[in-house]
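Written out below as structure tokens is the structure these notes cover.
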Amino acid sequence: MRFIGNKEKLINKIYQIMLEKGVKGNSFFDFFSGTTSVGRFFKKKGFQVYSSDLLYFSYVLQQAYLVNNTELKFDKLYPTLKTESNLLFSTPLDKIIEYLNKLKPVEGFIYKNYTPTGTKDLKLPRMYYSDHNGKMIDAIRQQIEKWRNDKLINKQEYYVLLACLIETIPFYANVSGVYAAFQKKWDPTSIKKHCFETN
């Protein structure tokens, strides 16, 4: 995931220093958790991970990857979906993602604020997302929220679906690594049609 301060490339070094220094214990506190890459690494190593961050997107990732310890079944939601899956050996999450990818695009918040057509009245229309991808992000985000409001998904299922969306959309963003500014020409990856994915 594109995020300033991501420690993904430092994790092994952090762990090696801990081993060299003889750090012992079974709990790990990940301050400023961000993308949760450090917390996830130490969770896999068997540590009890405590994490914190001020950013809501980080809270969502913490709930999905650090708090959640079960394979989600989507028992209430799955029977309500009227769709045929082409996926062989797929999990309930895979099938729900496939369903979300087939939603009709929606002109919502992302489209109206971060796409060229949605911001055409600005002096410099915004090019964070293509029109299509902006609408797909809106459609998926709104559908996840509707399922939560209709009590078709539980808390952990909600956060896992949001985490999948959060982890996917940077691959379709027309930015250089931060969202402070967009590129003035389309990056080839940013104009590919959005495909929501599991992690």
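Okay, here's what the table says:
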read-out	value
Long-range neighbours under 8 Å by Cβ, at least six apart or interchain, first residue surrounded by fewer than 17 Cβ atoms within 10 Å (Cβ to Cβ) within the stretch 94-107, second acidic (Asp, Glu) and modelled with pLDDT of 95 or more	107/138
Tally of residues being in a loop (DSSP other than H, G, I, E, B), at pLDDT 95 or above and surrounded by 13 or more Cβ atoms within 10 Å (Cβ to Cβ) across the stretch 142-199	3
Some residue of the stretch 27-36 being part of a helix (DSSP H, G or I), of a type in the set (Val, Ile, Thr), outside the structural domain of residue 174 (by TED's automatic domain parsing) and within 20 Å of the chain's Cα centre (by Cα)	no
Number of positions in the stretch 58-83 that are within 15 Å of residue 158 (Cβ to Cβ) and either buried (at least 18 other Cβ atoms within 10 Å of the Cβ) or of a type outside the set (A, V, I, L, M, F, W, C) (or both)	16
Residue, surrounded by the fewest Cβ atoms within 10 Å (Cβ to Cβ), within the stretch 37-57, restricted to residues that are outside any strand (DSSP E or B) and more than 22 Å from the chain's Cα centre (by Cα)	46
Restricting the stretch 121-138 to residues that are part of a helix (DSSP H, G or I) and touching a residue at least 60 places away in the same chain (Cβ under 8 Å), the residue that is surrounded by the fewest Cβ atoms within 10 Å (Cβ to Cβ)	132
Long-range neighbours under 8 Å by Cβ, at least six apart or interchain, first residue farther than 16 Å from residue 144 by Cα within the stretch 67-83, second crowded, with 16+ Cβ neighbours inside 10 Å	67/159; 68/159; 68/160; 83/95; 83/98; 83/99
Residue check, residue 65 of a type in the set (Ser, Thr, Tyr) and farther than 19 Å from residue 167 by Cβ	no
Members of the stretch 5-28 that are of a type outside the set (D, E, K, R), under 28 Å from residue 169 (Cα atoms) and surrounded by 14 or more Cβ atoms within 10 Å (Cβ to Cβ)	6, 11
Yes/no for residue 134 being farther than 21 Å from residue 167 by Cα, modelled with pLDDT of 90 or more and assigned by TED's automatic domain parsing to the domain that holds residue 187	no
Sole exception among (1) closer than 24 Å to residue 173 by Cα; (2) modelled with pLDDT under 95; (3) not hydroxyl-bearing (Ser, Thr, Tyr) for residue 64, by number	(2)
Residues of the stretch 177-192 satisfying the condition of being among the small types (Gly, Ala, Ser) and within 18 Å of the chain's Cα centre (by Cα)	177, 190
Residues satisfying the stated conditions in the stretch 30-61, i.e. within 20 Å of residue 9 (Cα to Cα) and of a type in the set (Val, Ile, Thr)	35, 36, 38, 49
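The values are calculated or read from the model by the stated rules, or taken from the named source; none is laboratory data. Here the structure is a predicted model, which means the values were calculated and not measured. Glycine gets a Cβ as well: all are built from the backbone with ideal geometry, and neighbour counts include every protein chain shown.
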